[in-house]
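A quick write-up on the structure given underneath.
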Amino acid sequence: MALPPALGQAFRMVAAELGMRSAAGLFLRELMGAGGAPLVREARDQLGREFPVLDFVAEQRLSGAAEAPLDPEGVLDALGGVTRLLVVGLEADCLDVLVPRLSGVEVGLVTDAGGLEPDFRRVLANYDGLMVPVGLSELQRWAGRRSALLTFIYGTDGHAAHVSPSWLRVSGPDVRTQFRSLIGWDILGQPMTVYPRWMVETSPGDFSRLVGPRPPARALSPAREAT
């Protein structure tokens, strides 16, 4: 089976409204079901340089690693005592497991696309009022000693972390002092292996708390299964 035509354009459109990791997981699950590892490998080779998160997730699949579980417990722990949370960047899979558990927390999503152009009204409609749109001019209303900023990190080597460009527009020194916590949720767990297009580099030291994923389970090889 050949790759569908205009796959890169389709991936970019979906990534705009789901996030890079969420879209990569969705596309690669479909490709694996349709054509197995050869089709996933072809998609990685064709699109990986343009979409490094897809490249990363495809490498995990091809190496036999299971999809890393998205565990919000570390984020929930970091948000203890917070009453207002401002999310910068978009990853639907992450928000789907986190937002419904934020009882008593007012949640806002910064409506700055950071290079992609989602329809934020459609994105937010999926959360039934649990999360509201917040423009950059409204940051001051969300600040306070019981407020937090959260963004998604696409891998870190301990010296640099890759984030959405929208994070740099929000997290300047004047803003950092106005929020109790700045939380980075590392949703890859390892650095990407190709140039991190669509991302910008920041220091892990910019965050008051870094949260990583649970280690993904690895599939057993046929030889191990037989023993």
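The values are calculated or read from the model by the stated rules, or taken from the named source; none is laboratory data. In this text, all values refer to a predicted model and were calculated from it rather than measured experimentally. Please note: Cβ atoms are built from the backbone with ideal geometry, for glycine as well, and neighbour counts cover all protein chains shown. Note: accessible area is taken over every heavy atom of the protein model, side chains too, but ligands, DNA and RNA are not part of it. Shrake-Rupley method; radii C 1.70, N 1.55, O 1.52, S 1.80 Å.
The region of the chain that goes longest without hitting one of the trypsin sites (Lys or Arg not before Pro) in a DSSP loop, each with at most 16 other Cβ atoms within 10 Å, is 50-196.
Here is how the number arises for the chain: DSSP H runs of 4 or more residues each give -39500 (n - 2.57), the sum is divided by the residue count, and the result at 222 nm is -11000 deg cm²/dmol. For region 2-81, what class follows from the C-alpha gyration tensor (a ≥ b ≥ c being the square roots of its eigenvalues): rounded when a/c is under 1.5, otherwise prolate if a/b is larger than b/c, else oblate? Judged from the Cα gyration tensor, region 2-81 comes out prolate (a/c at least 1.5, a/b above b/c).
Near Arg84, once Lys and Arg are set to +1 and Asp and Glu to -1 for all other residues with Cβ below 11 Å from its Cβ, the sum equals +3.
Out of the total accessible area of the chain (probe 1.4 Å, heavy atoms of protein only), what percent is carbon and sulfur?
Reported share for carbon and sulfur atoms: 52 percent.
Were the residues from Leu3 through His159 laid out at 0.36 nm apart, the gain over their Cα-Cα distance would be 52.5 nm. Probing with 1.4 Å while keeping every protein chain in the model, the per residue accessible area of region 72-211 equals 45 Å². Between region 50-69 and region 21-35, what's the alpha-carbon centroid distance in Å? Cα centres, region 50-69 to region 21-35: 10 Å. Relative contact order of region 72-211: 26 percent, from C-alpha pairs under 8 Å at least 6 residues apart in sequence.
Here Cα Rg over 2.2 N^0.38 Å was computed from the coordinates, and among [x] 1.26; [y] 1.04; [z] 1.75 the match is [y].
Between Gly48, Gly172, Gly189, which gets the highest mean-square fluctuation from a Gaussian network model of the chain, Cα cutoff 10 Å? Highest fluctuation among the options: Gly172. Placing unit charges on the Cβ atoms of the charged side chains and taking the dipole of region 26-88 about its Cα centre, the candidate lying farthest along the positive direction among Pro72, Leu62, Gly36 is Gly36. Rounded to the nearest 10 degrees, what's the angle between the helix 7-18 long axis and the longest principal axis of the chain, both from Cα atoms, 0 to 90? In the chain, helix 7-18 runs at an angle near 30 degrees to the longest axis. Is region 38-119 rounded, prolate or oblate when judged by the Cα gyration tensor, a ≥ b ≥ c being the square roots of its eigenvalues, rounded requiring a/c under 1.5 and prolate requiring a/b larger than b/c? The shape class here is oblate. Between 0 and 90 degrees, rounded to the nearest ten: what's the tilt of helix 20-47 against the longest Cα principal axis of the chain? It works out to around 10 degrees.
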